[in-house]
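Shown next, in structure tokens, is the structure this report addresses.
The values are calculated or read from the model by the stated rules, or taken from the named source; none is laboratory data. Source: prediction; values computed, not measured. Positions of Cβ are backbone-derived with ideal geometry, glycine not excepted, and every protein chain shown enters the neighbour counts. Surface accessibility is based on the protein's heavy atoms, side chains included, excluding ligands, DNA and RNA. Shrake-Rupley method; radii C 1.70, N 1.55, O 1.52, S 1.80 Å.
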Amino acid sequence: MSNQNVSDVSSSVRRSLHCLSHSLSIYLFTGDITQKGYEKKRSKLIRAYAGAFLPASVGMEGPMSHRAPLGPPAAARFHRRRTSGTRDERYRSDVHTEAVQAVLARHVERKMAVPMPSKRRSLVVQTSMDAYTPPDSSSGSEEEAGPGDDMTGMEHWMSRPSQLGPAHLGSTSSSSSSTQSGGSGNAGRLADSLAHTHIENHSAPPDVTGYSSDSSHSHTERHHMSNMGTIARSTQKYGNAERMETGDGVPVSSRVSAKIQQLVNTLKQPRRPPLREFFVDDFDELLEVQQPDPNQPRPEGAEMMPVRGEPLGVVTNWPPSLEAALQRWGTISPKAPCLTSLDTAGKPLYVLTYGKLWSRSIKLAYNILHKLGSKQEPMVRPGDRVALVFPNNDPVAFMVAFYGCLLAEVVPVPIEVPLSRKDAGSQQIGFLLGSCGVTVALTSDACHKGLPKSATGEIPQFKGWPKLLWFVTESKHLSKPPRDWFPHIKDANNDTAYIEYKTCKDGSVLGVTVTRIALLTHCQALTQSCSYTEAETIVNVLDFKKDVGLWHGILTKSIIGYLAISVPYSLMKVNPLSWIQKVCQYKAKVACVKSRDMHWALVAHKDQKDINLSSLRMLLVADGSNPWSISSCDAFLNVFQTKGLRAEVICPCASSPEALTVAIRSRPVEDSSQPPGRGVLSMQGLSYGVVRVDTEERLSVLTVQDVGTVTPGGLVCVVKPEGVPQLCQTDEIGELCVCSVATGTSYYGLMGMTKNTFEVYPVSSSGGLISEYAFVRTGLLGFIGPGGLAFITGKMDGLIMVSGRRHNADDIVATALAVEPMKFVYRGRIAVFSVTVLRDERIVVVAEQRPDSTEEDSFQWMSRVLQAIDSIHGVGVFCLALVPANTLPKTPLGGIHLSEIKQLYLEGGLHPCNVLMCPHTCVTNLPKPRQKQPEIGPASVMVGNLVSGKRIAQASGRDLGQTDDNDQVRRSRFIQFLFLSEILQWRAQTTPDHVLYTLLSSRGAVSSSLTCLQLHKRAERVAALLMERGGLQEGDHVALVYPPGIDLIAAFYGCLYAGCVPITVRPPHPQNISTTLPTVKMIVEVSHSACVMTTAVICKLLRSKEATATVDIRNWPPVLDTDDLPKKKPPALYKPTNPDGLAYLDFSVSTTGMLAGVQMSHNAVGAFCRSVKLQCELYPSREVAICLDPYCGLGFVLWCLCSVYSGHQSILIPPVELETNPALWLLAVSQLRVRDTFCSYSVMELCTKGLGLQTEALKARGLDLSRVRACVVVAEERPRMALTHSFSKLFKDLGLHPRSVSTAFGCRVNLAICLQGTSGPDPTTVYVDMRALRHDRVRLVERGSPHSLPLMESGKILPGVRIIIANPETKGPLGDSHLGEIWVHSAHNGSGYYSGYGEEVLQSDHFSSRLSFGDTQTVWARTGYLGFLRRTELTDANGERHDALFVVGALEEAMELRGMRYHPIDIETSVIRAHKSIMECAVFTWTNLLVVVVELEGSEQEALDLVPMVTKAVLEEHYLIVGVVVVTDVGVIPINSRGEKQRMHLRDGFLQDQLDPIYVSYRR
């Protein structure tokens, strides 16, 4: 290299170091990196430029070649950091921690994009610190747990995080690993570079209201934020009650609306990845298919050939079987120690010699074969399976039982001790025992006494378990075998030696069978790999019943004859340093541990001078296959290197239940020159299954270490995880497969799964087999590196496939633990799994929250975790939930039970205390939004309908003039009477004693009744009252505030007699005056009522103190009490002259919350009553039961008007009476033999719920509904098919015919458009495609089809009514395949609004609309409801094909989302089905946010369970992301008298913070 080049490079180094010093000094000052991290980054940069002069290797590197010796100062720094207890060494590396901090540093300057959830104070109190019980373990393993963070036994080893200063609490980058834990790039430089690409690559973009894109001030702002970090956290409020404006410019002042506005601001931010927005013409909503990234890394290496381990050595005196080896040691060295068990104090509890093991095993074998059952029918025969149930602190009894089973030639099945009948996973263990045919369980005396027992002292049968005979194995309970009895010891063969259980990812338990020859060969391979010798000592901390603990601590020792010191889990909980103390005490040569054991030793380590680990020649790390175990290995070596621990002693291994030991790093002491293999791999490459060594110093890297070479006698290859087992390339991640004698042979009883796992024949790229022998899948993911070293990157069970990319659950746990976990959650109590949502896997993170963490701190931690995972792994988290401490299901050894946690989550039984849903960041395959097409001209529409053969959607009822002869005679009798008041007078003269009305009490008795004459006379007295006392003139408005009854009817006709205009008003509720009285006052004021008529009771209520406090009584018009009517008649009755004059005002509140009064003329009233009379065939001889509120709509017409017009008797049943007697309505219908009855949905629902369990009792009381021919539900909504079908099915046994139940439909502009009536075809039901309805199209599908929606006809069109379906925007007619607005033309249409809107344009548009083309002369009224017409195959009374009207929903309530029209009832139906505790639901939108309000029927602890269930249900069925989920108490959703939800009232109450919600969750 020339001098010029050297000088150039040197100047580049100087400039880079200058920039690095400036940037890293700020990071160091703010606490974003540690001093050690600063030094590493500086040295890394120097090495990068120095490498330009030297040959550089891009492959695996050995860190020991340039590892600096760790001196006392560094060790002291590490010790000070570890004793603070703020970090968890497991699942951690310096590079990963610094990467997480660099990612989070980009978010420090920004506001929180999502408001903090709102929680009711009672719910916060219930989840306070006093309500928590600290967990007894904190393990990251699913199998074993560690010492509790808050246990009293640990107080002298670790301090609480609250004792740390602000500097410690604000930093999580304390580092102790070796400098080669991974590639430590310039985190500051990378953070700055990534900050420029944040909006494009990050799924949670900054808040546009508080983010500055000026990069020149980034360091200054970060420095300022670091100094103000503590203050900002304490003063920042997400629930501020500042005054804001809604999207409509309406000012609001509430906590909830402020959060909503903050959430709305995030809608303006770009999201990753952007959706391609276009409209599919055939409206097929296909989910967005994840397109492969053209720049994704792909494998480029050659085909990876199988790697063979060293051959098994030939030993002359090798025993022919494991039993023979035990016999040899038991007879040659009977006093040699075999196993030492320890008590909870760490003292030797029992020393088992080889002689005692041999003799006790023979004794137990004899008793198993000869003392169970009878001689003729023994319970256990050779080859049978026997369960071994022993606690983890009794290895001696377990070892005796295991070898006793081998000598008896029975198959032991070791399992965990069931502590209760509801243990997590215990049922699956029972299924395994049942499939294995286990009938006998061997256990110890102490364990037998500790098992749960029934009242009789017997051990109950556990759930899912077979019936077992419990047999105690202590010698005092056993019989001595005869002198001539000796077990038959055979050579190892292919008979099953034992069955080891394995828990799968889904929670199911499988039994892996291991043959005797495989057992013997495996012990030989381990002896050769580990160089075991006679009489040496090993310390075993692992579970001795399975896996590595069983192989090294129980089985292999019988071949060689060494001593095993078993350290129980209970001792490790009290003294995590106990295993190191035993190594020093016994000068052990080998120690079998997990990375968590090394981590606990670091936590508990203090200046103990008596520690000397120089005797160790092998520290076997059983979970070395976990990539994150390297952190614990490096940290443990850094600390204990000064205590005699050598680097080459640490030997990670890889194993699985199916393949036993796959690989192990076993280097002799004299071969210490060979460094271990390391690799700093790109996480992005790993997610695509490709090995890429990080050469760009990126943040998302994973440092892996080798797990050694293949075990002796084995052949290992790497195949593709899915599909055909084809060999991978050298730079491709695949599943390791082993071909060896020393492996499992099958899953017991599962031949199909056995073939897929144990009988795999890998093929090369050319398609040929690589071996004639079968391979076994290990379930381990990795690759074979240089030198034949195996590298493991994860497990198949921990693999999460999201959008075609692979993510490992352990990697996500590591990222979460890097975000200051000790302050908010319990370390090791984190579960990561995936759930299927919208045809793709979504990540869910569940952790146990500390009781001393505040709501705001926990929410901030959750938000930081989401940001870190999204940036490091490039994947969004669907749900992050925090549960109270010590509530997650545990395994028998105290670890978290992942499958049970997932099952609880899916069932909605997790009971979290904090939830953060982020569907918008992770669900990127939503269907394509719809784009509005250009408007099509009327000519194109008409031509298109003609070409496609579709007719214009219009229909009509029969003509009012078509009457029969009898009806013509009746009509001629009072054809001269055009007004209802005249008809009443005529009936009082012709049929004075005919009963028109009968009112029933709550007990079913007749409370009062009115004949024609009585009603006429009472009406006259009311008219006299209005004229004399009220001084009212013709045309004055009178408000009638009456309860449902006779008085309301008399007052109505009295107003007609006096020439006044009546307005019926619902009286205020006595127990809720403050809420109901303002509505009464509003109707009185809007209607300009000159006086108010009511009863004495209500009059007194209006003058009460509570009413006076609610409204000003002085502003009320005169209130007349009709209980004391004058005796005399009025001078003259008013005779109206104009048929178009105003008869009454119909005031009602729509479902959208709009109060409107519709003017009904005399002509419309007459036409209305005649239409109902013809449809229902009402005559004076008929009786009709009415259970409706008589204040508006069809309910008022049936209650007050129809009886006078038609002459039939109306049996009046106030709906309020059903609250005390739900059977009142049905009993009245049965006893009075009524054939026609009318009710509302609220009445039907009350009967369905209240009488569901009383049908037999009602039948015994004589309830008979067989005479009912028409049971009509009056409503202004889509028919509720589920409710009507439930009602029909429930009362079918009482004689109710299903076809008699039907619906009626009316609206504000026309109070009754459809009514089933007594004749005509049955109601029609169709199934339409819900996706098509969102595009305003109607497509019929078969029942049970995907996305099918059942719709029931809304009744037959009334006589004199014409209907057409029109486009609500263009006002053009539509074909019958389109969904449009229902327009109606009828003589009984309303005349217009009275002071409702105050706009003539709107009134004209609603009541006097005309089509834009086609029939432009007819005047139509717009109903405001969407529906469609369908011509059926049925025929009506005229012999023509019947046109059925199907109402879909209100136009004002329909929600425009993603360019499509959604109806609230469809989403609400899905939400109610999502969880059993959801009582009711209502949805609405606000500024493009979908808000879901659910009523919780249950404990408040279940409130947060509903949030993920609701979010998933809406996503799955409607492809919508819920913006806000509000959980409230039962009864919060307002419902009107017709049983219809008042969604707009609910919306207003939510925005004004009046709902008192239990919990409010905002999506991210």
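Assess whether Val1526 counts as being without any contact (Cβ under 8 Å) to a residue 40 or more places away in the chain and crowded, with 21+ Cβ neighbours inside 10 Å.
So Val1526 fits the description; yes.
Return a yes/no flag: does the stretch 702-714 have any residue that is open to solvent by 30 Å² or more (accessible area, probe 1.4 Å), farther than 23 Å from Lys594 by Cα and part of a strand (DSSP E or B).
Checked against the condition, which is being open to solvent by 30 Å² or more (accessible area, probe 1.4 Å), farther than 23 Å from Lys594 by Cα and part of a strand (DSSP E or B), the stretch 702-714 yields no hits at all.
(1) basic (Lys, Arg); (2) assigned to a strand (DSSP E or B); (3) open to solvent by 10 Å² or more (accessible area, probe 1.4 Å): which one isn't true of Arg842, the others all being true?
(3)
State the number of residues belonging to the stretch 1302-1315 that are without any contact (Cβ under 8 Å) to a residue 60 or more places away in the chain and either in contact with a Ser or Thr (Cβ under 6 Å, 6 or more places away or on another chain) or open to solvent by 10 Å² or more (accessible area, probe 1.4 Å) (or both).
Qualifying residue count for the region: 1.
Here is a check on your reading of the model: is Ala818 touching a Lys or Arg at 6+ places or on another chain (Cβ under 7 Å), without any contact (Cβ under 8 Å) to a residue 40 or more places away in the chain, among the aliphatic types (A, V, I, L, M) and buried (at least 19 other Cβ atoms within 10 Å of the Cβ)?
Spelling it out, it is not the case that Ala818 is touching a Lys or Arg at 6+ places or on another chain (Cβ under 7 Å), without any contact (Cβ under 8 Å) to a residue 40 or more places away in the chain, among the aliphatic types (A, V, I, L, M) and buried (at least 19 other Cβ atoms within 10 Å of the Cβ).
Would you check which residues across the stretch 1410-1440 are modelled with pLDDT of 90 or more and open to solvent by less than 30 Å² (accessible area, probe 1.4 Å) and list them?
Leu1411, Thr1418, Trp1420, Ala1421, Arg1422, Thr1423, Gly1424, Tyr1425, Leu1426, Gly1427, Phe1428, Leu1429
Every residue, every condition in (1) β-branched (Val, Ile, Thr); (2) touching a strand residue (DSSP E or B) at 6+ places or on another chain (Cβ under 7 Å), yes or no:
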{"position": "Ile554", "(1), (2)": "yes, no"}
{"position": "Gly561", "(1), (2)": "no, no"}
{"position": "Ser566", "(1), (2)": "no, yes"}
{"position": "Trp579", "(1), (2)": "no, yes"}
{"position": "Cys584", "(1), (2)": "no, no"}
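If we keep just the residues of the stretch 740-760 that are free of Cβ contacts under 8 Å to residues at least 60 places away in the same chain and either part of a strand (DSSP E or B) or touching a Phe, Trp or Tyr at 6+ places or on another chain (Cβ under 7 Å) (or both), which is nearest to Cys436 (Cα to Cα)?
Thr754
Going through the stretch 1090-1114 one residue at a time, which ones are in contact with an Asp or Glu (Cβ under 8 Å, 6 or more places away or on another chain) and polar (S, T, N, Q)?
Thr1094, Thr1095
So how many residues does the stretch 1373-1397 have that are farther than 27 Å from Glu1440 by Cβ, part of a strand (DSSP E or B) and among the aromatic types (Phe, Trp, Tyr)?
The qualifying residues number 1.
Would you pick out the residues in the stretch 1148-1193 that are touching a strand residue (DSSP E or B) at 6+ places or on another chain (Cβ under 8 Å) and closer than 20 Å to Glu1452 by Cβ?
Ser1148, Val1149, Ser1150, Thr1151, Thr1152, Leu1155, Ala1156, Gly1157, Val1158, Cys1192, Gly1193
Which number in (1) under 28 Å from Thr757 (Cα atoms); (2) modelled with pLDDT of 90 or more; (3) surrounded by fewer than 19 Cβ atoms within 10 Å (Cβ to Cβ); (4) not β-branched (Val, Ile, Thr) marks the one condition that Glu409 misses?
Single failed check for Glu409: (3).
Look through Leu984, Leu916 and report the one residue that is modelled with pLDDT of 60 or more, under 30 Å from Ala1503 (Cβ atoms), open to solvent by less than 20 Å² (accessible area, probe 1.4 Å) and not in a loop (DSSP other than H, G, I, E, B).
Leu916
Among the numbered criteria (1) in a helix (DSSP H, G or I); (2) crowded, with 21+ Cβ neighbours inside 10 Å; (3) within 44 Å of the chain's Cα centre (by Cα), which one does Phe1238 miss?
Result: Phe1238 fails condition (1) only.
Can you tell me which residue within the stretch 1268-1301, out of those that are closer than 21 Å to Ile1467 by Cβ and charged (D, E, K, R), is surrounded by the fewest Cβ atoms within 10 Å (Cβ to Cβ)?
Arg1280
In the stretch 816-839, which residue that is modelled with pLDDT under 90 and not hydrophobic (A, V, I, L, M, F, W, C) is nearest to Val923 (Cα to Cα)?
Here the residue is Arg839.
Determine which single condition Gly1031 fails, assuming it passes every other condition in (1) in a helix (DSSP H, G or I); (2) out of contact with any helix residue (DSSP H, G or I) (no Cβ under 9 Å at 6 or more places or on another chain).
It fails just one condition, (1).
Restricted to the stretch 343-399, and to residues that are assigned to a strand (DSSP E or B), touching a residue at least 40 places away in the same chain (Cβ under 8 Å) and within 19 Å of Ile565 (Cα to Cα), which residue is farthest from the chain's Cα centre (by Cα)?
If we take residues in the stretch 343-399 being assigned to a strand (DSSP E or B), touching a residue at least 40 places away in the same chain (Cβ under 8 Å) and within 19 Å of Ile565 (Cα to Cα), then Leu352 is farthest from the chain's Cα centre (by Cα).
Asp394 - would you say it is crowded, with 20+ Cβ neighbours inside 10 Å and charged (D, E, K, R)?
When the stated conditions are applied, Asp394 passes them.
In this structure, does Leu1026 turn out to be open to solvent by less than 10 Å² (accessible area, probe 1.4 Å), more than 60 Å from the chain's Cα centre (by Cα) and closer than 18 Å to Trp1116 by Cβ?
Yes, satisfied.
Does Val1184 meet the test of being over 26 Å from Val1084 (Cα atoms), open to solvent by less than 10 Å² (accessible area, probe 1.4 Å), β-branched (Val, Ile, Thr) and in contact with a Phe, Trp or Tyr (Cβ under 8 Å, 6 or more places away or on another chain)?
Against the criterion (over 26 Å from Val1084 (Cα atoms), open to solvent by less than 10 Å² (accessible area, probe 1.4 Å), β-branched (Val, Ile, Thr) and in contact with a Phe, Trp or Tyr (Cβ under 8 Å, 6 or more places away or on another chain)), Val1184 qualifies.
Quick one: which of Ile459, Ile499 is aliphatic (A, V, I, L, M), assigned to a loop (DSSP other than H, G, I, E, B) and closer than 30 Å to Leu898 by Cα?
Checking each option against the conditions leaves just Ile459.
When the residues of the stretch 489-511 are filtered to those that are over 11 Å from Ile429 (Cα atoms), surrounded by 17 or more Cβ atoms within 10 Å (Cβ to Cβ) and of a type outside the set (A, V, I, L, M, F, W, C), which remaining residue is nearest to the chain's Cα centre (by Cα)?
So the residue we want is Lys505.
Report, by residue number, each residue of the stretch 313-338 that is loosely packed, with under 13 Cβ neighbours inside 10 Å, free of Cβ contacts under 8 Å to residues at least 12 places away in the same chain and part of a helix (DSSP H, G or I).
Correct list: Ile332 only.
Can you name every one of the helices (runs of 4 or more DSSP H) wholly within the stretch 519-604 that holds 3 or more residues which are closer than 19 Å to Ala635 by Cα?
Of the helices (runs of 4 or more DSSP H) lying wholly inside the stretch 519-604, those with at least 3 residues that are closer than 19 Å to Ala635 by Cα span 578-586, 595-604.
Under the condition of being in a strand (DSSP E or B) and open to solvent by less than 10 Å² (accessible area, probe 1.4 Å), which residue from the stretch 1340-1372 is nearest to His1285 (Cα to Cα)?
Looking at residues that are in a strand (DSSP E or B) and open to solvent by less than 10 Å² (accessible area, probe 1.4 Å), I get Leu1351.
If you scan the stretch 996-1012, which residues turn out to be surrounded by fewer than 17 Cβ atoms within 10 Å (Cβ to Cβ) and not small (Gly, Ala, Ser)?
Arg1003, Val1006
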